[in-house]
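The values are calculated or read from the model by the stated rules, or taken from the named source; none is laboratory data. Predicted model, so just to flag it, every value in this text is computed and none were measured. No Cβ is skipped: glycine too gets one built from the backbone with ideal geometry, and neighbour counts run over all protein chains shown. For the accessible areas, the whole protein counts, side chains as well, though only heavy atoms, and no ligand, DNA or RNA atoms are used. Shrake-Rupley method; radii C 1.70, N 1.55, O 1.52, S 1.80 Å.
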Amino acid sequence: QVQLEESGGGLVQAGESLRLSCVASENIFNYNYMAWHRQAPGMQRELVASINVGGRIDLAQSVKRRFTISRDAAKNMIDLEMSELRPEDTGIYYCAAHLLSRTFWGQGVQVTVSS
């Protein structure tokens, strides 16, 4: 089972930027797609950004033009670059590896955006 380790969370002010990184314990191309999800307090976990084996990127409507996802295959790493952060971006951000109907999760990192 893949192990996913996230880093880069923290407290920022609205309008600032933050970069999250996720390192996988194995080849990320073993999975259909890699993704970042987030869970705000009292809310369900939602998909924020994903990148599939072919490099296709999908972003949630709420983060388009502000967030981007990228990968470094040599390092088995995916990043989430977040800019123009808003208080509603606050939550726990989880890295995930998706394979068919299975999802493997990291522990999550806290992102807090103050107004």
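List of remarks:
- Rounded to whole Hz, the Karplus (6.51, -1.76, 1.60) HN-Hα couplings of the stretch 98-112, x for glycine and proline: 10, 9, 6, 8, 9, 10, 10, 10, x, 6, x, 10, 7, 10, 10
- Computed from label points 7 Å out along Cα-Cβ, the spacing between R86 and T112 is 2.1 nm.
- A 1.4 Å probe run over the chain, with the rest of the protein chains in place, finds 54 Å² accessible per residue.
- Computed over protein heavy atoms with a 1.4 angstrom probe, the accessible surface ordering of S21, S70, S115, largest first, is S115, S70, S21.
- Overall shape: prolate for the chain, with the ratio a/c of the largest to smallest alpha carbon gyration tensor axis at 1.5 or above and a/b above b/c.
- The trypsin sites (Lys or Arg not before Pro) found in the stretch 53-115 that occupy coil by DSSP, while having at most 13 further C-beta atoms within 10 Å, are R56, K64, R65.
- Highest to lowest packing among 80-87, 103-110, scored as the average C-beta count within 10 Å: 80-87, 103-110
- Dipole magnitude of the chain, debye to nearest 20 (Cβ charges: Lys/Arg +1, Asp/Glu -1, about Cα centre): 240 debye
- Per-residue Karplus couplings for the stretch 85-90, computed as 6.51 cos²θ - 1.76 cosθ + 1.60 with θ equal to phi - 60°, are listed in order as 5, 10, x, 6, 7, 4 Hz, Gly and Pro entered as x.
- Build a GNM of the chain with springs between Cα atoms under 10 Å apart, and of G91, G42, G54 the one that fluctuates most is G42.
- Since only S62, N27, S115 are under comparison, the one whose Cα sits farthest along the positive direction of the charge dipole of the chain, derived from C-beta charges on Lys, Arg, Asp and Glu, is S62.
- Applying 1/(1 + (r/R0)^6) with R0 = 22 Å to the Cβ-Cβ distance of N32 and A60 gives a FRET efficiency near 0.75.
- In a DSSP loop and with at most 14 other Cβ atoms within 10 Å, the GluC sites (Glu not before Pro) in the stretch 8-69 are E16, E26.
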